[in-house]
Structures are given as C-alpha cells and as structure tokens.
Amino acid sequence: MGQPAKVLQLFRTLHRTRQQVFKNDKRALEARVKINEEFKKHKSEASPEKIKEMLKMGSDVELLLRTSVIQGIHTDHNTLKLVPRKDLLTENVPYCDAPIQKQ
C-alpha cells in the first residue's frame, strides 16, 4: 500500500475511532475539526521519512483513544457515570497473593 493510501486510511480510521469513543458527546465530537486541520496542515509534506513519522504518531493516537478513553456522563453535582465501550471490557484475571514460581 502506498503512502497516500496509508494516509487516507489513517484519516478515516481516526474519524471512525473519534465517532465511537466520543459517541453522543457533541463537544468532544468536534475533535473532527482538529483531525482535519492537522491533515490539511501537512498536506504538502513530501519527505517519506516525515510522512512515516506522522503516520506512526497518528496510529499511536488512534490506539490510545481506542484503548484508553472512557466516557463519563455527569449524573449529579459530584457524580460521574462511566460508560465503557464493549471493546474496552476485558475478562478479569484474578489477582494471586501467592504467585507460583515456574520451575
């Protein structure tokens, strides 16, 4: 896949992730503007190394958003209701007070 195709794929992926992560949060969904600004700002970049570096950064940001951001909804004056996405909920592994050493 060529770099222009990778850039377009990352652009689309960032927007899809933004829509999933910030679902029903109008203010946070405005991150769309920031994504568009960053891609427009670097539209004329010609250096393959610089483009590769920016692709890596964009992929890292997308991964961080997808795996680390949980929505919180104000339900009361001092109360937040956390709304984790299903893909963030993983199976809990029980903690072991006395770990067994491998031999």
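Some observations on this one:
- In segment 42-64, the residues that are closer than 17 Å to residue 14 by Cβ form Cβ pairs under 9 Å with partners that are part of a loop (DSSP other than H, G, I, E, B), at six or more places apart or across chains, as follows: 51/42; 51/45; 53/47; 54/42; 54/45.
- Per this entry, residue 36 is not counted among residues that are open to solvent by 100 Å² or more (accessible area, probe 1.4 Å) and modelled with pLDDT of 85 or more.
- The single residue among 67, 75 that is open to solvent by less than 100 Å² (accessible area, probe 1.4 Å), over 22 Å from the mean Cα position of the chain (by Cα) and at pLDDT 85 or above turns out to be 75.
- The set of residues from segment 8-29 being in contact (Cβ under 8 Å) with a residue 60 or more places away in the chain and surrounded by 18 or more Cβ atoms within 10 Å (Cβ to Cβ) comprises just one member, 21.
The values are calculated or read from the model by the stated rules, or taken from the named source; none is laboratory data. Note that the structure is predicted; figures quoted are calculated from it, not measured. Note that we place each Cβ from the backbone using ideal geometry, even for glycine, and neighbour counts take in every protein chain shown. Calculation scope for accessible area: heavy atoms of the full protein, side chains included, ligands and nucleic acids excluded. Shrake-Rupley method; radii C 1.70, N 1.55, O 1.52, S 1.80 Å.
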